[in-house]
Every structure is written in structure tokens, then in C-alpha cells.
1. Determine the shape class of segment 211-369: with a ≥ b ≥ c the square roots of the Cα gyration tensor eigenvalues, call it rounded for a/c under 1.5, and otherwise prolate if a/b is greater than b/c, oblate otherwise.
2. Stretch Ser182-Asp269 to full length: gain in nm at 0.36 nm per residue minus the Cα-Cα span?
3. Probe of 1.4 angstrom, ligands and nucleic acids ignored: what's the accessible area per residue over segment 74-163, in square angstrom?
4. Between Ala54 and Thr205, 0.36 nm times their residue separation minus their Cα-Cα distance comes to what?
5. So how strong a dipole does segment 143-240 carry about its Cα centre when Lys and Arg Cβ are +1 and Asp and Glu Cβ are -1, to the nearest 20 debye?
6. Let a ≥ b ≥ c be the square roots of the eigenvalues of the Cα gyration tensor of segment 33-93; is it rounded (a/c under 1.5), or, if not, prolate (a/b larger than b/c) or oblate?
7. Ser37 versus Val243, label points 7 Å from Cα toward the beta carbon: distance in nm?
8. Express in nm, to one decimal, how much length is gained between Glu236 and Ser47 on full extension, taking 0.36 nm for each residue of separation and deducting their alpha carbon distance.
Amino acid sequence: APNRISASMWRPRRFTTLLGCVVALLSAAPVARALVSVKQESAISSSAGSVANAYPSSAGFGAAVASADLDGDGSMELLVGAREDGDDGEGSLYVIFLHANGTVRDDLRIANGDGVLTLAGGDAFGSCVASVGDLDMDGGVDILVGAMRRGTSGSFFVIGMSDAGSVDSVIAEIGDDQLTSSLGPSAMFGSACAHVDVSTSSLATAAAYVAVGAMGEWAGAVYILALNSTGAVVGEDLISPGVGGLGLNLADAALFGAAVADLGDVDGDGTVDLAVGAPGANQNGTVYVVFLTVSEEGAVGVAGKAAIAAPADVLAGESFGTAVAAAGNRTGDGVRDVFVGCGAVRDATGAPVSTASGALYLVAINASGSSLESARLSAEDGLPRPGSGAAADVVAALAVVGDVDEDGGDTVALGASRLPDSEGSVRVLLLAQQSPAPPPLPSLPPSPPPSPPPP
């Protein structure tokens, strides 16, 4: 007769196998965790009493935000654009000195007539701002400031700053006449700007590379410019949906170039990569990760791209990509995450036309530029509430200020340039330090082989 094996002889093996399967499934399951949270927030505005140099409600304070250590004390100052400020809307720039808790210690206003700065009505000076380091090698910090409605196409200024936050000199102004490309009317050149950390060893005459947005140039564009120490353009490359190897088919008014940021080397090829906001693209806006190449002659090209689509929880009336900034690496994979502003829907001129609540997203990406996960911060987390009945611009700009309170978490400044119930403002958010992802559960040792059946 054949050997018979009772069910009881298999129970230990079956139980162990099932337990091992359960542990394996638990180990593979994602562990829910907060990608980002707000520890403290403070408002910078005239009505809050934190800005001594008062501005009117129509100034557009918060249209642009950047950070720089002007006085060399190791703490970042805020640079805030107010592009509608002034008697004729020529615009202005505010320098905000911060305490360690993110509140204002002092402020300074830079406007028409300061130093050798001469502006005209409607220039929109302050449409973008970025630190470019010590371009002219005089020991001070130099900055870029956009004036996207100056002339017919827009321009930006390279300004030498003193350690007290005032204008030392206007190093250069760069517009259509300084470019080999021809800017179209209403290109809004200077809608966004960023210092790009490209190695200049192959182009000895370049002191710095900058990326400058022209969101009104049909579907939009970004210019990569190499500047020498006098601010002159010594290299120029154009990236737009149909030019520069980008290979995008975007409709007019996609506003590609409304925001731009240096993300560092995302794909690990040794060359810096960019995030470019296109809040008018697709249904709710898109951010593009643009992978760059640099030739031996210093020319910048496009190696590829990846699209970060608007998350599913973006609300009607919001546009994903109104602002972008590089974040830390909260997921621990070595790739920097991306802060993305989600402001109001904009028209072809970039003006907000909705009463959307607005939000800040932190998006974790991988080395291919694809989104892994995202977290949304909105009014419940300290962002300003837009009110109702009028167009708002709650997240018009953003900048990572560093770690102001030295707790290991990012400090982020958000520009809310237009609110129906008050003047524009900047919100400084002290974010909680992100705990590393928990390690996977340990697996059990393999199950022992079953005992041989009795003879």
C-alpha cells in the first residue's frame, strides 16, 4: 500500500510558510509617513507691521522671492520683488533681514532712482530675483532682478549689492539688444531667473551661467546665458518646447518658463539639471525636469526631459508650476526633491484670474525625474487664505532660505503677491525635519525542509 502522510505532518510547514508570506508582504508594503509638515510660520507684510518700508496693496509684494547672504554673517536675507510698486508701476525690490525664528529684523526698499537704477513706468522690476554670487569679483554679492515688461520684450538687471543691502552698482542690463536671438513682443523675458551651477572650465570667459524665463514667448522659453565678470553675454542657448532638443508640443500660453530652478545633478551624469514651471500647460499645469548637457566649448543643450504632472488633489482654479525650488532629499535616495507652487490660473500675460486657494507641494522624484510621491500644504498649514470674490495669487513665488532655526529642516519663503482682502505678503515656513524612512521589517529565516515520510 502507498505511504500515507497525515495532515498533521504538514501543519508546521504550512504555518511557517504562511507566516513567511505575511512578513514578506508587510516588508514590501509602503509605510505611510508625512513627507513634510509645518513647524512654525510667520507673515511678512505691511499690515503685519513687519515691514517698515510700507507698500500699497497694489504693489504685488511677493511676486518674486530669493535668498542671499548679503552681510556675510552666515544667515540668509530675503529678496522680495514687488513688481507693481511705485508711482507708475515701475516695480521695486525689498531686502528683508531675518531673525533666527524667521521674523523680520530689518528691511530696505530698492526702487527707481536708487544708486544708478533708472526705471520706467510699467517695467515690472522685481518680476524675478536670484543671487548669482560674486560675478564681478569685488567681494560682494551680485543679484539678478527681472523687469519682464520693460520695453517691448522685457529684460533683467545684474546688480552689485553692498553688505547693508543697498545697490552698489548696476553691472549690466540684458535684454533683446544683448541677445543673438530675437525676442518676440510681449516675451516677458525676465519672468523667472536662476543661477545655474554649470562648470565653466570649458569656457574660461564665463563667470556664471544663468537661466532666464520668457513665459510670453509663444508657449514660453528659457534662455541659458553665460555671463562674464562685466555682465556681458558670452554664451547663449535657447530651450523652448520646439527648440533646443526639448521635443514638447505645447499650446500658446503654456507659460513655459514662468518658473525655473537649479535642481543639481538629478540623473548622476555630472551636469546640473533644471526644473521649469509651465502652469498653463495641459489641464492643471506641469513642471518639467530638463536634463542638460554641456559641450567642451561650453554650449548647453538638452539631453532629455521628464514631466511632473499636477497631482490628483490639485483643485479647480489652481495651476501647478507657478513657482519651483530645489528641496532637500527626504526620501534618502540621493536625489533632491522639488518644491512646487500651485497658484491661481493665469492668463496669457501671467496675471491671476481665479480665486483658487493655492498650495505648496513637495514632490519626491527619482533619478529619471519621475514623481515618486507628493505632499500638499495649504491654508490649514499656514499658507494665506485668498478670501473670495477677487483674483488671488497665493503662491506666486518661493525660495528655500536654508535652515534658519538650525534644526535640520528646510525654511521656505512663499510669495503671495495678490490677495483680495489685503496687500501681498511673504510667508516664512519653518518645516519640520524629515525623519528617515523606517527600515523594512526583518524577514524570518527560511522554513526548514519537511521531515521525510516514514518508511
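The values are calculated or read from the model by the stated rules, or taken from the named source; none is laboratory data. Worth saying up front: this structure is predicted, and the values here are computed from it rather than measured. All Cβ positions, even for glycine, are placed from backbone atoms using ideal geometry, and neighbour counts span all protein chains on display. Each accessible area value is taken on the protein alone, full model and side chains, heavy atoms only, with ligands, DNA and RNA left out. Shrake-Rupley method; radii C 1.70, N 1.55, O 1.52, S 1.80 Å.
1. It is oblate, given that a/c is not under 1.5 and a/b is not larger than b/c.
2. On the way: separation 87, 0.36 × 87 = 31.32 nm, distance 3.20 nm.
In short, 28.1 nm is gained.
3. Numbers: 2970 Å² over 90 residues.
Accessible area per residue: 33 Å².
4. Details: separation 151, 0.36 × 151 = 54.36 nm, distance 4.19 nm.
Stretched out fully, the Ala54 to Thr205 stretch lengthens by 50.2 nm.
5. Dipole size: approximately 160 debye.
6. Details: a/c = 2.05, a/b = 1.53, b/c = 1.34.
Cα axes put segment 33-93 in the prolate bin.
7. 4.8
8. Once the chain is fully extended between Glu236 and Ser47, it gains 63.8 nm.
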